[in-house]
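Step one of this worksheet: look at the structure below.
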């Protein structure tokens, strides 16, 4: 059993339970992935599996990457990720793995990692949930401002604003992991998984799927 798998987020929908309750679910296409390289502690200093996912046109990649994929008897891949393993694996270069490699229909909970949606430059109310200024008389066009940020310089450091102060700035487009998502259904024939709740990223984005570390 491998530690993880690459896939794409197909999108979200909802299902209705036998009791009539609606549940939001996410559909994930997990694999198939190709083992591009098996790294060992003796040669590389650590044990890991390098997986490739998604075909890429040869003219869009460099010749070294084409040669690297050719050693696995496959074409260049769009995504390449490494998954650490605790001991040497029985897999070899060129093997194709899918949902069955992480447990198939027996897996109950998974961790899904991805890059969240980028929302651009956002103010403190949208980014951090600030309440904003009062809307009463005397507040002049400052309703959505951050308020005081501690403008006096700190003696000895020369820094006017404390590090980590919640302010306006880039929101989203960060790596995030949704942990212990319950797997409701697995379609091994079409490499699809239906999980309860949402996963990071927009539809069609790359996700990393692992067996849950804290549950299951």
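Laboratory data are not the source of any read-out in this text; all were calculated from the coordinates shown. What you see is a predicted model, and the numbers here were worked out from it, not measured in a lab. We place every Cβ from the backbone using ideal geometry, glycine too, and count neighbours over all the protein chains shown.
FRET efficiency for the pair residue 10 and residue 105, taken as 1/(1 + (r/R0)^6) with r the Cβ-Cβ distance and R0 = 22 Å, rounds to 0.75.
Each label was represented as a point 7 Å from its Cα along the Cα-to-Cβ direction; for residue 162 and residue 92 these points are 6.0 nm apart.
Considering only C-alpha atoms, what is the centroid distance from region 174-216 to region 124-145, in Å? The distance from the Cα centre of region 174-216 to that of region 124-145 comes to 37 Å. Which residue fluctuates most in the GNM of the chain (Cα springs below 10 Å): 205, 89, 136? Per the Cα network of the chain with a 10 Å cutoff, 136 tops the list.
Of all the options 174, 183, 161, the one that moves most in a Gaussian network model of the chain with Cα springs shorter than 10 angstrom is 161. Subtracting the Cα-Cα distance of residue 116 and residue 205 from 0.36 nm times their residue separation leaves 31.1 nm of extension gain.
Rounded to the nearest Å, what's the spacing between the alpha carbon centres of region 23-76 and region 82-103? Just the number, please. After rounding, the separation between the Cα centres reads 11 Å.
Report the residue, chosen from 52, 204, 120, that carries the largest GNM mean-square fluctuation when the chain is represented by alpha-carbon nodes joined by springs under 10 Å. Greatest mean-square fluctuation among the candidates belongs to 120.
Shape verdict for region 1-112, please, from the Cα gyration tensor: rounded (a/c under 1.5), prolate (a/b greater than b/c) or oblate.
oblate
The length gained on full extension between residue 22 and residue 176, counted as 0.36 nm times the residue separation minus their Cα-Cα distance, comes to 52.9 nm. Only helices enter this figure: runs of n ≥ 4 DSSP H residues, each worth -39500 (n - 2.57), summed and divided by the residues of the chain, yield -1500 deg cm²/dmol at 222 nm to the nearest 500.
A simple spin-label model places pseudo-atoms 7 Å from Cα toward Cβ; at residue 188 and residue 70 they are separated by 3.6 nm. From most to least packed by mean Cβ count within 10 Å, the peptides 13-21, 193-201 give 193-201, 13-21. Stretched out straight at 0.36 nm per residue, the stretch from residue 61 to residue 137 would grow longer than its current Cα-Cα span by 21.2 nm.
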